[in-house]
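One structure is given here, and the rest of the page talks about it.
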Amino acid sequence: MTDAPLMVIAAGGTGGHMFPAQALSEAMLARGWRVKLSTDERGARYTAAFPSAVEIETVPSATFARGGLIAKAGVPFRVAGGVLAALMKLRADRPAIVVGFGGYPSIPAMAAATLLKIPRIIHEQNGVLGRVNEVFAKRVDAIACGTWPTTLPDGVEGVDIGNPVRGTILDRAGAGYIPPGDYPMEILVMGGSQGARILSDIVPPAIAALPNDILRNLRVSHQARAEDVDRVETYYGDQGVKADVQTFFNDVPARMSEAQLVITRSGASTVADLSVIGRPSILIPYAAATADHQTANARGLVDAGAAILMPESMFEVAPLTDQITSIMTNPQGATQMAAAALATGKPDATERLVALVLDLANSQ
């Protein structure tokens, strides 16, 4: 153990929670802090890209969203066990601050920090508070908001921070946009970790129906669920569309910066990436998202003229083909969309969050 101050990050096991957590950990390590990440076993599987100096601590956690009646009945006991484990860890190595990014795995560390009266912040990525962040909203010292405005409980105020993006995204910030034209072009298709099937059903035939003047220059990068990869890859191949279909792209920053158009869900981290790099997009909010928060996430890009919103209820092959065509045949309009996306970005979101963390930690 060193004299360096300690920050504990509590986060759930999805990219939406983990990417901004990773960005904050990178920045605080650079300032000489120690960083620990508190998550559960599922969350620990998403930590490969975290700096090696981050100490990963797994605590028991559970969610009511999965499993049968017996599993759900055991949730309170697993959460209680996680809180006790977190209490012991925080007492043994007391942090200067605990920062929660949401998700059920963040409950133990946030609850333990509340009991021990350790300074604590939550960062909400979406335009609507997640279930866990809503529980802690009135029990923390500050709420940092990734999407502005964020719907908050009565009497609770948030700070407009933006969504921190990983260093690999910042490295591509404002990358020059090459508008559509008579040369090789790219479309990036991403579905997120949930609800990607509809994109695999609708996007390939919509792209295959594009005018040949577009298709002959086009290459598609399509992220699909494992069970959909073969059929999507086969469909593109049968239609003569050049496509790279994978379950996960490790080089999203590079593919996004090279794309003329991105077709994607409107998860908070994806919206932040689009705005920092600056790319036109067609956004399809995940209809089952809590409180329809992906529609709220998309609003800033849509209102700025940087994105086209297509609700799932209107997400069909012919309309999508029309929207793609309208962008890919209008270089000036596509360039304006890219610039509008960039204008909504907050590439300094990590620094804003760091300032809030330092201010609270130093005020104690």
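The values are calculated or read from the model by the stated rules, or taken from the named source; none is laboratory data. All figures in this text were calculated on a predicted structure; none of them were measured in a lab. Quick reminder, even Gly has a Cβ in these numbers, built from the backbone with ideal geometry, and neighbours come from all protein chains shown. Quick note on the areas: whole protein, heavy atoms, side chains included, nothing else; ligands and nucleic acids left out. Shrake-Rupley method; radii C 1.70, N 1.55, O 1.52, S 1.80 Å.
Residue pairs exceeding 18 angstrom between C-alpha atoms, taken from Lys36/Lys346; Lys89/Lys117; Lys117/Lys138: Lys36/Lys346. Count charges around Ala111 for me, please; just the other residues with Cβ under 11 Å from its Cβ, Lys/Arg as +1, Asp/Glu as -1. Once positives and negatives cancel, what remains is +2.
Which whole-number percent gives the relative contact order of the chain, counting Cα pairs below 8 Å spaced six or more residues apart? Working shown, then result.
Values: 761 pairs, mean separation 59.0, N = 364.
Computed value for the chain: 16 percent relative contact order.
Hull surface divided by four, with the convex hull built on the Cα atoms of segment 321-364: how many nm²? Mind showing how you got there, number by number?
Numbers: hull surface 17.1 nm².
That works out to 4.3 nm².
Taken as Cα centroids, segment 261-286 and segment 5-45 sit 23 Å apart, rounded to the nearest whole angstrom.
The 3J(HN,Hα) values that the Karplus relation (6.51, -1.76, 1.60; θ = phi - 60°) gives for segment 157-168 are, in residue order, 10, x, 10, 6, 9, x, 9, x, 10, 4, x, 5 Hz. Gly and Pro appear as x.
Taking the Cβ of Ala175 as the centre, find all other residues whose Cβ is under 12 Å away and add up their charges (Lys, Arg: +1; Asp, Glu: -1). Residues close to Ala175 contribute a combined charge of 0. Label-to-label distance, Met88 versus Val229, with points set 7 angstrom from Cα along the beta-carbon direction: 3.9 nm.
Once the chain from Asp292 to Trp148 is taken as fully extended at 0.36 nm per residue, the excess over their C-alpha distance is 50.3 nm.
Scan the chain and note any complete DSSP helix (H) whose C-alpha atoms cover at least 18 Å along its axis and whose Kyte-Doolittle average is 0.0 or more.
Working: long enough: 15-30 (22 Å, 0.50); 75-92 (26 Å, 1.14); 331-344 (20 Å, 0.44); 349-362 (20 Å, 0.95).
Both cut-offs are met by 15-30, 75-92, 331-344, 349-362.
Estimated at 0.36 nm per residue, the fully extended path between Arg216 and Ala49 surpasses their Cα-Cα distance by 56.5 nm.
Taken per residue, the accessible surface of the chain reaches 43 Å², heavy atoms only and a 1.4 Å probe. One entry in (i) 123; (ii) 131; (iii) 161 is volume of the Cα convex hull per residue in Å³ calculated from the shown coordinates; its label is (ii).
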